[in-house]
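The values are calculated or read from the model by the stated rules, or taken from the named source; none is laboratory data. Predicted model, so just to flag it, every value in this text is computed and none were measured. Neighbour counts run over all protein chains shown; Cβ positions are idealised from the backbone, glycine included. The protein model used for the area step is the full one, side chains on, heavy atoms only, and it has no ligands, DNA or RNA in it. Shrake-Rupley method; radii C 1.70, N 1.55, O 1.52, S 1.80 Å.
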Amino acid sequence: VQLQASGGGSVQGGGSLKLSCPASRIITSEFVKSRMAWYRQAPGKNRDLVAELTSGGTTNYPDSVKGRFTISKNNAKKTVYLQMSSLKPEDTAVYYCNVETGSADYWGRGTLVTVSS
């Protein structure tokens, strides 16, 4: 585990949360051209991609979160974010951040998001 995601918590359906993932161990020149992503894993299920920010700046989302989740980054702070809105109970999971620099693959310790109905 090289990164530490934060910002998870309990929220009612329809609410919002913003997850953060500082990548202080990654040098800035690598961070700015990295692929970044957020994944989630619900109990008993596989880890699934929920947001991707490619090195070229393209964002990709599965249909299940499209329009509700937004991935972004701050190069100066070397931090990846996941803004989640209109949360649903099915969004309940442990969320993990991932940064691929091309020479290394960094993962964060997950943060739990619980959405109640």
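Things worth noting here:
- Residues that are free of Cβ contacts under 8 Å to residues at least 60 places away in the same chain and of a type in the set (S, T, N, Q) within region 20-70 comprise 24, 28, 29, 46, 54, 55, 58, 59, 60, 64, 70, listed in sequence order.
- Filtered by the rule that a residue be open to solvent by 30 Å² or more (accessible area, probe 1.4 Å), in contact with a helix residue (DSSP H, G or I) (Cβ under 8 Å, 6 or more places away or on another chain) and at pLDDT 95 or above, region 86-117 gives a lone residue, 116.
- 2 or more residues charged (D, E, K, R) and closer than 17 Å to residue 22 by Cα: qualifying strands (runs of 3 or more DSSP E) within region 61-117: 105-109
- Of everything in region 49-60 that is under 15 Å from residue 98 (Cβ atoms) and assigned to a loop (DSSP other than H, G, I, E, B), the residue that is least open to solvent (accessible area, probe 1.4 Å) is 54.
- Residue that is most open to solvent (accessible area, probe 1.4 Å), among those in region 13-31 that are modelled with pLDDT under 95 and in a loop (DSSP other than H, G, I, E, B): 25
- Where a residue in region 88-99 is among the small types (Gly, Ala, Ser) and its partner, wherever it lies, is open to solvent by 10 Å² or more (accessible area, probe 1.4 Å), with Cβ under 6 Å and at least six apart: 93/40; 93/41; 93/42
- The selection criterion, being of a type outside the set (Asp, Glu) and surrounded by 14 or more Cβ atoms within 10 Å (Cβ to Cβ), holds for residue 71.
- Selection within region 1-12 - surrounded by 14 or more Cβ atoms within 10 Å (Cβ to Cβ) and either of a type in the set (D, E, K, R) or in a loop (DSSP other than H, G, I, E, B) (or both): 2, 5, 7, 8
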